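Each reported figure results from applying straightforward, stated rules to the coordinates on display, with no laboratory input. Just so you know, these numbers come straight off a predicted model, no measurement behind them. Note that each Cβ is placed from the backbone with ideal geometry, even for glycine, and that neighbours are counted across all protein chains shown.
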There are 2 protein chains.
Amino acid sequence: MRPDGRTKILDAALSVIRTKGFEATRVEDVCAAAGVSKGAFFHHFDSKEALAIAAADHWSAVTGGFFETADFHALADPVDRILAYLDLRIALVEGGELPFSCLAGTLAQETFATRPAVAEACGRSIRGHAGSLVADIAAARAAHAPDADWTAESLALHTQAVIQGAFVVAKAGGGAASAVENLRHLKRYVAMLFGRIGPTGGGKP
Amino acid sequence: MRPDGRTKILDAALSVIRTKGFEATRVEDVCAAAGVSKGAFFHHFDSKEALAIAAADHWSAVTGGFFETADFHALADPVDRILAYLDLRIALVEGGELPFSCLAGTLAQETFATRPAVAEACGRSIRGHAGSLVADIAAARAAHAPDADWTAESLALHTQAVIQGAFVVAKAGGGAASAVENLRHLKRYVAMLFGRIGPTGGGKP
């Protein structure tokens, strides 16, 4: 099935905004990347801000579909599922097309003070993805750290915060190698919380 | 001593760029915030890009001076110094003026693909601050985790990545409370790496 006009514009918006940021992206850039006219654009979106909100929701749908069908869900142990999810995030950085870039994180940085509706759409995207990890983390917590002073929701959101921060440092000249190193610290933390490795960092997670 | 014209412009740039982002910031906005004319601006800076690079270096100098003179350096134990540094970062989020905003992180998100000289200046700022933590982390590692499979440099940069990510999530609707929660996860990780708390998260770091 060929994508419809609206989807073509949204796919183009993901690519252009992830590369240039929101403010530097012109409606003309998105139209050129999508191969549509400005008339077609404004048939679907009232403004660049409306596009950005729809793009954040589109980002959630695209990435959500990818992670929902990933292999790690088939693992029997919840700790294994969480660690395999983190391995997948590492593999995406090592082999991805835009390896250290999140539409929602980039948009939120630029818009939090000036365009709250866009920042809120970014928050829905980030919290929604974090939410997809909560059941596994809650199961792992119940089995291995029932008295922990953190909640499953808090650790799920923390995984996303570290991923966002790894991307920022990668963009500030650290590159993919620094992003991988930061995600390995995150995996080590999670492995320690669930007793998979000892407290002094001995053994690879 | 009253700040000179160049410093007034740089101070204004920090405030305006941290709030609006780089692309949305106009030279006029910075001039208005600094109380200088456009003529005065272009006497000091050739372009908005030149301003952003100088602003990143100014940010390093201002924040570097603050952290260099902070109380935690007086603690005898390197693990205590690192944990107290993280407590200070938490206190800054809880009580700061722009509590979850880093000039370098914001600029890097926007400019990494389009203005490499700006992104590189951001990297100097982030890596420079991380570097100020390396001696303490190396001493703590030697004392408590000499066989760890991570370097002091890597953990120092990781602290900055988590801080950056905590700010992104805060901006995406999580607010200061979510930033504090993420910094507490970071502190718990560091405390576990140095054996201050057990592997299952028991006990507050």
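So the values come out like this:
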{"item": "In the protein assembly as shown, lysine pairs closer than 18 Å at Cα, eight or more apart or cross-chain", "result": "16"}
{"item": "Stokes-Einstein D for the range B:84-158, Kirkwood Rh over Cα pairs, 37 °C, 0.692 mPa s (µm²/s)", "result": "232 µm²/s"}
{"item": "Calculated label separations, A:Thr69, copies of the chain, 7 Å along the beta-carbon direction, nm", "result": "5.9"}
{"item": "Principal axis dimensions, largest first and in whole angstrom, of the protein assembly as shown by Cα", "result": "67, 57, 31"}
{"item": "Orientation-averaged projected area, Cα convex hull of the range A:1-65 (nm²)", "result": "4.2 nm²"}
{"item": "Debye intensity ratio I(q)/I(0), log10, the range B:1-132, q values 0.13, 0.18 Å⁻¹ (C-alpha model)", "result": "-0.59, -1.01"}
{"item": "Theoretical ellipticity at 222 nm over chain B - DSSP helices of four or more residues, -39500 (n - 2.57) apiece, nearest 500", "result": "-23500 deg cm²/dmol"}
{"item": "Kyte-Doolittle mean at least 0.0, axial Cα span of 20 Å or more - DSSP H helices of chain B", "result": "B:5-20, B:48-68, B:78-95, B:116-144, B:152-169, B:175-193"}
{"item": "Size descriptor, Kirkwood hydrodynamic radius, that averages inverse alpha-carbon separations across the range A:63-187, Å", "result": "15.3 Å"}
{"item": "Order of B:Arg124, A:Arg26 - criterion: other Cβ atoms within 10 Å of each residue's Cβ, fewest first", "result": "A:Arg26, B:Arg124"}
